[in-house]
Amino acid sequence: MTDEGYAILAIDYPLAPQAKIDDILEDIIDSINNCFELTELRSNLPLFVWGRSAGAYLALLASASDKLHLKLNGIISYYGYGFLCDSWYDTPSPYYMNLPIVEEASTKIHDKEIVYRGDIANYFSTYIYARQTGKWKDLIYEGRDKYFFLLYTLRAVDSLPAPLFAAHSTGDTDVPYSEFISLCNKYHPDKFVASIPEHDFDRNTNEPETVELLNKTITFISNNI
């Protein structure tokens with residue numbers, strides 16, 4: 001991507017479950033606003049928000065927020081979600097139930113310190129626990145369900161402020177393909193679909209699907225500058 005002349009700004013954000021979704025989203029939006037507004041070229045630079053998985057979820061929410069002060073040229077979601085479909089996030093995941101059971105004592109649930117980066121092994125065990133128990137939403141949000149769906153999903157977002165590119169695999173093990181279909185039906189994005197039984201199917205940069213995905217992403221960016 002950088003070989004094509006594009007600059008990429010990677011934003012760290014406070015990690016769940018110590019940080020909850022309200023603080024995480026606020027941090028993301030502040031980072032986008034502040035980092036971009038500090039440059040003298042801000043009025044001349046096209047801007048896209050781009051995320052993978054939970055990062056795509058945050059990119060989608062941030063783009064839809066009235067707290068984002070910047071005009072976007074596009075939104076890029078790799079296997080992202082907006083909690084548009086019921087049940088998959090608050091019931092035990094069949095895929096993760098096939099893995100060794102993770103006990104709560106092996107997770108980061110009771111840690112108090114908020115961090116922006118952590119050991120992947122420790123945090124992944126927390127995620128597995130959340131998916132095995134159906135407690136994922138409960139670990140990122142504290143409050144009444146109606147406010148979660150109103151403020152931290154896309155259910156009440158009728159339109160997005162910029163064109164959307166969305167990629168997903170039909171065999172996604174984490175975010176069901178039905179969530180992608182709901183996203184597409186609601187916002188009519190440019191789409192890329194892979195037939196691979198993985199969530200982050202683009203992690204191997206040498207795979208033909210990844211090369212094709214990046215090429216289509218570059219085309220989307222070029223068409224919306």
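The values are calculated or read from the model by the stated rules, or taken from the named source; none is laboratory data. Small disclaimer: the values here were computed from a predicted structure and weren't measured. Note: ideal-geometry Cβ built from the backbone for every residue, glycine included; neighbour counts use all protein chains shown. Side chains included, ligands, DNA and RNA excluded: accessible areas come from the protein's heavy atoms. Shrake-Rupley method; radii C 1.70, N 1.55, O 1.52, S 1.80 Å.
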Heads up, the helices (runs of 4 or more DSSP H) in region 12-111 (entirely inside) with at least 3 residues that are at pLDDT 95 or above and under 18 Å from the mean Cα position of the chain (by Cα) are 21-37, 54-64
Looking at (1) of a type in the set (A, V, I, L, M); (2) modelled with pLDDT of 95 or more; (3) more than 19 Å from residue 55 (Cα to Cα), which is the one condition that is false for residue 151? (3)
Matching residues in region 172-212 (under 28 Å from residue 71 (Cβ atoms) and touching a residue at least 60 places away in the same chain (Cβ under 8 Å)) number 7
State whether the residues of region 182-204 include one that is of a type in the set (A, V, I, L, M), more than 16 Å from the chain's Cα centre (by Cα) and modelled with pLDDT under 95. yes
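For residue 81, indicate whether it is closer than 28 Å to residue 217 by Cβ and either surrounded by 19 or more Cβ atoms within 10 Å (Cβ to Cβ) or of a type in the set (Lys, Arg) (or both).
Yes.
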List the pairs whose first member sits in region 55-80 and is without any contact (Cβ under 8 Å) to a residue 12 or more places away in the chain and among the basic types (Lys, Arg), whose second member is crowded, with 23+ Cβ neighbours inside 10 Å and not in a loop (DSSP other than H, G, I, E, B), and whose Cβ atoms are under 7 Å apart, counting only residues at least 6 apart or on separate chains? none
If I ask for residues that are within 23 Å of residue 197 (Cβ to Cβ) and buried (at least 18 other Cβ atoms within 10 Å of the Cβ), which ones from region 89-124 would you list? 89, 93, 96, 102
Restricting region 172-190 to residues that are more than 14 Å from residue 86 (Cα to Cα) and outside any loop (DSSP other than H, G, I, E, B), the one most open to solvent (accessible area, probe 1.4 Å) turns out to be 185
Of all residues making up region 148-171, the number that are farther than 13 Å from residue 83 by Cα and either outside any loop (DSSP other than H, G, I, E, B) or in contact (Cβ under 8 Å) with a residue 60 or more places away in the chain (or both): 10
Residues to consider are 200, 158; find the one that is surrounded by fewer than 17 Cβ atoms within 10 Å (Cβ to Cβ), touching a strand residue (DSSP E or B) at 6+ places or on another chain (Cβ under 7 Å) and either closer than 17 Å to residue 72 by Cβ or not hydrophobic (A, V, I, L, M, F, W, C) (or both). 200
